[in-house]
Amino acid sequence: MVRKLVELDPAQADAVKRIARRRRVPEASVLREAVTDYLAGHDQPESGPPADHPLWAIVGIGKHGPTDGSVNYKRDLYGEREPKA
């Protein structure tokens, strides 16, 4: 096991102590169980955004086309001639 230092507010500490007494187990056992339950619902493997996410449509948008856009943006926006100032 790995030791962690956790700060609880007084109400949380009292609740942990109360549960531990009622179940006749160490407070650390109550905390481990709480962390396990929390992680079961929140620790999902990162797989990227879902395919129906609106931002998914822009993935790869820069793979094709000009690669010197920051240097030649006027050419790309206005053609060969520059706009009149």
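Residue-by-condition table, conditions (1) touching a helix residue (DSSP H, G or I) at 6+ places or on another chain (Cβ under 9 Å); (2) in a loop (DSSP other than H, G, I, E, B); (3) at pLDDT 90 or above:
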position	(1), (2), (3)
A11	no, no, yes
A20	yes, no, yes
A28	yes, no, yes
T36	no, no, yes
P45	no, yes, no
K84	no, yes, no
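For segment 47-68, which residues satisfy the criterion of being at pLDDT below 70 and either among the acidic types (D, E) or surrounded by 10 or more Cβ atoms within 10 Å (Cβ to Cβ) (or both)?
Within segment 47-68, P49, P66 qualify.
The values are calculated or read from the model by the stated rules, or taken from the named source; none is laboratory data. Everything numeric here is computed off the predicted structure, so don't read it as measured data. With ideal geometry, Cβ positions are generated from the backbone for all residues, glycine too; neighbour counts draw on all protein chains shown.
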